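Coordinate-derived values only; no laboratory data. Since the model is a prediction, treat every value here as computed from it, not as a measurement. When we count neighbours, we look across all protein chains shown, and the Cβ atoms used for this are built from the backbone with ideal geometry, even at glycine.
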Amino acid sequence: MTPRLIIETNDRTKELGDLFGLFFEDLSHAADGGMYGELLQNRSFEFSSLDNREYTPLTAWNKVDQCDLSIGSLNPFHPKNRQYLVMTGNKGDGVENTGYAGGIHLKANEPYRFSCWVWCKSGPLSLDILLLDDEGFCLAENSIRCEGEWKYYEIQLIPSKTSISSRLRICFSGDGSVALDQVSLFPVNTFKGRKNGMRADIAQALCDMKPKFMRFPGGCLTHNGSLLEEDRNSMYRWKNTVGPVESRPTRRCSWGYNQSFGIGFYEYFLFCEDIGAEPVPILPGACNPHHFLFAPMDELQPWIDDALDLIEFANGDIDTKWGAVRAEMGHPEPFDLKYIGIGNEEVHKEFYDRFPYFFRAIREKYPEIKIIGSGGPYPAGGEYDHAWECAKKIGIDIVDEHYYESPTWMIANAKHYHDYSTDEPKVFLGEYASGGNTYWNALCEAVYMVGLQNAPAVAMACYAPMLCHSEYRNWNPNMLWFNNHRILPTASYHVQKLFMAHQGTELLASAAPELDMPETLNETPLNGKLWLEADQSAITLTDIRLEANGIQTNYPDVAISGADQSYITDVGVASYVLTLKAQRTEGERKGFRIGFGRHGEGDYVTWNIGGWENQDTIVAGRHNGYNAPLTQSFFSLVTGRVYDLRLEVSGRKIKTYIDGVLYNDTEDRLPATQPLYHTVSIENETGEIILKAVNIRNSPITIDIELAGLPQSRLSGTKYVLSGHKPEDINSFDEPDLICPKEESFSSDSPAFVYTFPPHSLTVIRVKPEQ
Ligand code: AHR
């Protein structure tokens, strides 16, 4: 019998709201050198070795001929734009900027806007502005006549040829001395033609996804930094990012470069508006969990004010203080902010001690705003549970969870959220990805997204990270790669786009009784190799004892350091208990691991004690080369102290104890691949029914589909199919469109039809009855 899929077109079970959206963090040069349209690097001579050890105020600038270059700071044109270039020379002498990644991309016959601030130190003079290709051929030339103290100048240049590795030259047309600052080169044709706008191809690719929201500005860069707003190394403080671009103090980005704040909070809001996405700003919660910096409880007010003022900046009347700043910047209409997040991945007691003060202040003044709290960077464990307990107690609207897991984990946990209660805070899966950019990764993410859409408690979800300049990679994988002149949408981008563009307004009930199967296969016990492994520390392990099948075996003491591994045994039975004593003898930052359940070079599980900067005890699976953190709790090793450790394994269930206390309790689930993963929604505006189905098996599956409740008339619409690829296929700059969905029209004579889903495929069918 052909399996059935019955869709109840009149049974709407969940409002999908703002379910699928984007996450923007300026890492891998996602903003500066990426989506921000500015083509020059270090335009205001503010780069410093504090941002990156290799930086100087002249990074990306080269002198031309005998020009004398120095950095001034005594008389800046704006106090927050602290440094400027002083340039003295003869005719033809000058400076060149090479942009990002060694060259500027210029398009033939397109206009570019050059602007800068100049202080003529030696009396009126002319500066020649040239665009040169990598062989020194002049693509465009213009000049500015300058005089007096700091003044703003702006001209246009139109290159005669396209070049992907150009440079901008500024040189004297006669002898002279000038100070230069805020030197800028922008395409006039930015996304939507905005001045200080976004690079058009990247922005358009994001817009085409039709995201429901965009979370910004990070990520770790939100909370990484000092507590002092005026520090170059401060946490991300949004007030430093608004007002004229030349008045924004540049900052050390925690991803190892300089953040110009050219894209600041105004630009984020504007971009969200331009792409039809709800803005979801995340502010630091007065805590830096990486360096254990927490604002004292009696100094929280400025941080809380930042949150309240941000809401005023976004939504306030133009006669309010911050509403006026927004209006002054060009947007008198409110941005209609609906969400605000406090904290990124903080689950510490210190964070949840402070959070209620933010919560109460925001709720009291702006009861209509949904407040997002943090669930931390793991899918389960002691801190995760603590965050949820706090969230429920405080009454937080939405909890932001982050985790990066293996494709295997994603399939085994496709129904991760199905039992979460809808009365409690809703779930925002604010960061996730499956460890790679292959077709298989993307299909497994699609399976997980089906589960997210179907789970009543999940309100929002976004893949992370979103953007990566291929020559400045901080992270892997990413959704959309780019270089200076091209974009590279990954298979994951296409999956995300299919889910966003075809989300629908409400979820419809659907059932496929013949396809229901157990979700996990737990036939492979963790009974393989057992070993001990140092993690950049020196560890002594004694009293090592394995108890299996009622037999106790003792093993010799072990001393390991660096990345040493010490084999213990191949266990051979499904249930066992390992006990040992552990002492870290050297090192402060890390601890060690106990590995178990490995057969040959295959999968295994590790228990990491003193993991992540000696803050955690983590149990993680390793599946086909991908990491899958399963559970985490806080735990720090004290050097010199001896700990009693106990590992209990039963099948694929794992418990770990330190000094008799249960720290980790988890299961490394292996998936039983379902024949088809499906979710169905309706788009209220058009009346279209949207079926999304993922077949991750290597064979086609034919299904009898019935759209119950529709009139017996013809259906027509469109289908979008990702199929025909090998699991290991991957888009590359050589073959950027290798994996790309195909769009075709779809029709059926009646609301009941038979459909064959191809092997390894994601299919979206959008239909409605013909009129
Ligand atoms: O997405 C990259 C990083 O992963 C984010 O900055 C952080 O929130 C997470 O740990």
> Angle between the Cα long axis of helix 382-394 and the longest principal axis of the chain, 0 to 90 degrees, nearest 10?
Replying inline: 70 degrees
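Run the numbers for A559 and A361: contour at 0.36 nm per residue of separation, minus the present Cα-Cα distance, in nm.
Details: separation 198, 0.36 × 198 = 71.28 nm, distance 5.34 nm.
Length difference between fully extended and current span is 65.9 nm.
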> What whole number of Å gives the distance from the Cα centroid of the range 453-470 to the Cα centroid of the range 195-273?
Replying inline: 19 Å
>> Please state the shape class of the range 227-377: rounded when a/c is under 1.5, otherwise prolate if a/b exceeds b/c and oblate if not, all from the C-alpha gyration tensor.
In response: oblate
>> Counting only helical runs of four or more DSSP H residues, what would the 222 nm mean residue ellipticity of the chain come to if each run contributes -39,500 (n - 2.57) and the total is spread over all its residues?
In response: -4500 deg cm²/dmol
>> So if I take the centroid of the Cα atoms in the range 526-579 and the same for the range 390-448, what is the distance between those two points in Å?
In response: 33 Å
> In percent, how large is the relative contact order of the range 572-724, given Cα pairs closer than 8 Å and 6 or more residues apart?
Replying inline: 16 percent
> In a shell of Cβ-Cβ distance under 13 Å around D309, excluding D309 itself, what net charge do Lys and Arg (+1) and Asp and Glu (-1) give?
Replying inline: +1
>> Per residue of the range 286-292, what does 6.51 cos²θ - 1.76 cosθ + 1.60 with θ = phi - 60° give for ³J(HN,Hα)? Whole Hz please, x for Gly and Pro, Karplus curve as stated.
In response: 6, 9, 10, x, 5, 10, 6
> Between the range 79-132 and the range 6-34, what's the alpha-carbon centroid distance in Å?
Replying inline: 41 Å
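Report relative contact order for the chain in percent, whole number only (criteria: Cα-Cα under 8 Å, sequence separation at least 6).
13 percent
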>> Using DSSP to call loops (not H, G, I, E or B), can you name the trypsin sites (Lys or Arg not before Pro) in the range 192-278 whose Cβ has at most 15 other Cβ atoms within 10 angstrom?
In response: K195
>> Shape verdict for the range 418-529, please, from the Cα gyration tensor: rounded (a/c under 1.5), prolate (a/b greater than b/c) or oblate.
In response: oblate
> Where a Cα-Cα gap under 18 Å defines reach, which lysines qualify for K415, not counting those fewer than 8 residues away within the same chain?
Replying inline: K14, K426, K692
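Counting only DSSP beta bridges with both residues in the chain, what percent are antiparallel, rounded to the nearest 5?
On the way: 172 of 208 bridges.
Looking only at bridges with both residues in the chain, the antiparallel portion is about 85 percent.
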> Sequence-distant or interchain residues sharing an amide H contact under 5 Å with S713, placed H: which?
Replying inline: none
> Going by alpha carbons, how many degrees (0 to 90, nearest 10) lie between the helix axis of 439-454 and the longest principal axis of the chain?
Replying inline: 80 degrees
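Once you sort the root eigenvalues of the Cα gyration tensor of the range 573-642 as a ≥ b ≥ c, which label holds: rounded (a/c under 1.5), prolate (a/b larger than b/c) or oblate (the other case)?
Since a/c reaches 1.5 and a/b is larger than b/c, the shape of the range 573-642 is classed as prolate.
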> Taking the highest mean first, how do the peptides 457-465, 311-319, 297-305 order by number of other beta carbon atoms within 10 angstrom per residue?
Replying inline: 457-465, 311-319, 297-305
>> Using amide H atoms built in the peptide plane, which far-off residues or other-chain residues are under 5 Å from T631 H to H?
In response: V619
> Amide H to amide H, which residues 5 or more places from C67 or on other chains are under 5 Å from it, using H placed in the peptide plane?
Replying inline: G94
> Sorting K80, K349 on the 10 Å Cβ count, fewest up front, what's the list?
Replying inline: K349, K80
> In sequence order, what are the phi-derived ³J(HN,Hα) couplings for the range 615-631 according to the Karplus relation 6.51 cos²θ - 1.76 cosθ + 1.60 with θ = phi - 60°, rounded to whole Hz, with x for glycine and proline?
Replying inline: 10, 10, 10, 10, 10, 9, x, 10, 10, 6, x, 9, 7, 9, x, 9, 7
> So, by mean Cβ neighbours within 10 angstrom, what's the order for 700-709, 49-58, 271-280 with the highest one leading?
Replying inline: 271-280, 700-709, 49-58
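Roughly how many debye, to the nearest 20, is the charge dipole of the chain about its Cα centre, given +1 on each Lys and Arg Cβ, -1 on each Asp and Glu Cβ, and no other charges?
Using Cβ point charges on Lys, Arg, Asp and Glu, the chain gives about 460 debye.
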>> Contact order normalised by length for the range 51-138, with contacts defined as Cα pairs under 8 Å and 6 or more residues apart; what percent is it?
In response: 25 percent
> Got a sec to turn the phi values of the range 7-14 into Karplus ³J(HN,Hα) couplings, 6.51 cos²θ - 1.76 cosθ + 1.60 with θ = phi - 60°, whole Hz, x for Gly and Pro?
Replying inline: 10, 8, 6, 9, 10, 8, 10, 7
> Which of the peptides 751-762, 170-181 is most tightly packed, and how do the rest follow, judged by the mean count of other Cβ atoms within 10 Å per residue?
Replying inline: 170-181, 751-762
> Listed here are the pairs K63/K161; K91/K161; K210/K321; which of them are more than 30 Å apart at the Cα?
Replying inline: K210/K321
>> Which one, M500, T617, L74, is farthest towards the positive end of the dipole of the chain when Lys and Arg carry +1 and Asp and Glu -1 on their Cβ?
In response: L74
> Listing E445, E667, E685, E514 from the residue with the fewest other Cβ atoms within 10 Å to the one with the most, what is the order?
Replying inline: E685, E514, E667, E445
